[in-house]
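Here the structure comes first, spelled out in structure tokens, and everything after it is commentary.
The values are calculated or read from the model by the stated rules, or taken from the named source; none is laboratory data. Since we're looking at a predicted model, the values are computed, not measured. So basically every Cβ, Gly included, is an ideal-geometry build from the backbone, and we count neighbours across all protein chains shown.
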Amino acid sequence: MATISKFEDLICFSKARELTKNIYKEFRNCNDYGFKNQITRASVSVLSNIAEGFERGTKQEFLNYLYIAKGSAGEVRAQLYVALDAGYLNIEKFKYLNNLASECSRLVQSFAEKVKKGANPGTQYKHLEKDDPMKEILRKNAPDVYKRFYGND
């Protein structure tokens, strides 16, 4: 399996972004500001937690944030029932948005299971090669020695 280097490449992030875009679009003219704030914040929380967890650098933190994202997808679904019951959505829009939120939840869960099974503990534990402090000193003060050790880089 290929290593993903940025959260934007995650399928669950793309789907969460689609969900958020559609929630904002659907409720942009809603005059119930408390409700509008709640559902838009919950949708943003899905993609934000995927991104934040990815950037945290440890497997355990990533999993924690993925489960928070999954919980936020559930919150969006609950808020959609409120929107349906309050007459803010017709049944077709409700089904569409509810399916998007459910798909986000499934994708996050599936990805979390893959992360759990993976052997990579996270970037915080990755051994990064440090530059040799003598390299720059030799390059400046003894170019002939530098060239013998490091070549022409």
- Query: Which residue pairs have Cβ atoms under 8 Å apart, sit 6 or more places apart or on different chains, and have a first residue in the range 128-139 that is more than 22 Å from Gly57 (Cα to Cα) and in the same structural domain as Tyr150 (by TED's automatic domain parsing) and a second that is at pLDDT below 70 and surrounded by fewer than 11 Cβ atoms within 10 Å (Cβ to Cβ)?
  - Reply: none
- Output the residues belonging to the range 84-120 that are without any contact (Cβ under 8 Å) to a residue 40 or more places away in the chain, among the basic types (Lys, Arg) and under 24 Å from Lys36 (Cβ atoms). Lys95
- Which of the residues that make up the range 66-95 are under 16 Å from Asn22 (Cβ atoms), crowded, with 21+ Cβ neighbours inside 10 Å and of a type in the set (A, V, I, L, M)? Ala73, Val76, Leu80, Ala83, Leu89
- Message: When you check Ile39 against the structure, is it touching a Phe, Trp or Tyr at 6+ places or on another chain (Cβ under 7 Å), in the same structural domain as Ala101 (by TED's automatic domain parsing) and buried (at least 16 other Cβ atoms within 10 Å of the Cβ), yes or no?
- Response: yes
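To keep it simple, each residue is scored yes or no on (1) in the same structural domain as Gly34 (by TED's automatic domain parsing); (2) on the phi > 0 side of the Ramachandran plot; (3) in contact with a Leu (Cβ under 8 Å, 6 or more places away or on another chain); (4) of a type in the set (Ser, Thr, Tyr).
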| position | (1), (2), (3), (4) |
| --- | --- |
| Ile68 | yes, no, no, no |
| Gly71 | yes, no, no, no |
| Gln79 | yes, no, no, no |
| Tyr88 | yes, no, no, yes |
| Glu92 | yes, no, no, no |
| Leu107 | yes, no, no, no |
| Glu113 | yes, no, no, no |
| Lys116 | yes, no, yes, no |
- Query: Would a scan of the range 25-45 turn up a residue that is touching a residue at least 60 places away in the same chain (Cβ under 8 Å), in contact with a helix residue (DSSP H, G or I) (Cβ under 7 Å, 6 or more places away or on another chain) and over 22 Å from Asn90 (Cα atoms)?
  - Reply: no
- Message: Filter the range 96-122 down to the residues that are at pLDDT below 70 and either of a type in the set (A, V, I, L, M, F, W, C) or surrounded by 15 or more Cβ atoms within 10 Å (Cβ to Cβ) (or both) and list them by number.
- Response: Gly122
